[in-house]
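*Asks:* Right, I'll just put the structure down here and ask away after.
The values are calculated or read from the model by the stated rules, or taken from the named source; none is laboratory data. Owing to the predicted nature of the structure, the values given are computational and were not obtained by experimental measurement. Glycine also receives a Cβ, built like all others from the backbone with ideal geometry; neighbour counts cover every protein chain displayed.
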Amino acid sequence: MNKRSSLLVMSAVLITFTLLILVPNLYGMMSFRCGTKLVQVGDKQSDVLAKCGPPTSQTEGRLGTGGSDRWTYNRGSTQAMMVVRFVGGKVSSIESAERGFVQPTFQQD
């Protein structure tokens, strides 16, 4: 290979790796882990509930308008919170949010 061919090959490899890194971030993640279980785009709400338990917070879309539900999971102060959107009862997107937090525990007197 001559110098020009090598440069073209290296450029193509660099562009390919850059796209592989950027494309998932442009469209959100395709999955995340709850313990040892994997939540993926396309999973049913009931499956996510079974894998991760109840969300930390939940916003329900308006029924009959094609609205989407949004569940947020706080995974603690060492990890980012995960936002799971549902359309038609199935995961449509998964995004990371700001770092989670330690939830206070309340004691009754």
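*Asks:* List every residue pair whose Cβ atoms lie under 8 Å apart, where the two residues are 6 or more positions apart in sequence or sit on different chains, the first residue falls within the stretch 1-27 and is exposed (fewer than 10 other Cβ atoms within 10 Å of the Cβ), and the second residue, located anywhere, is modelled with pLDDT of 80 or more.
*Replies:* Hits for this filter: Met1/Val9.
*Asks:* What are the residues in the stretch 35-54 that are in a helix (DSSP H, G or I) and hydrophobic (A, V, I, L, M, F, W, C), if any?
*Replies:* Selection gives Val48, Leu49, Ala50, Cys52.
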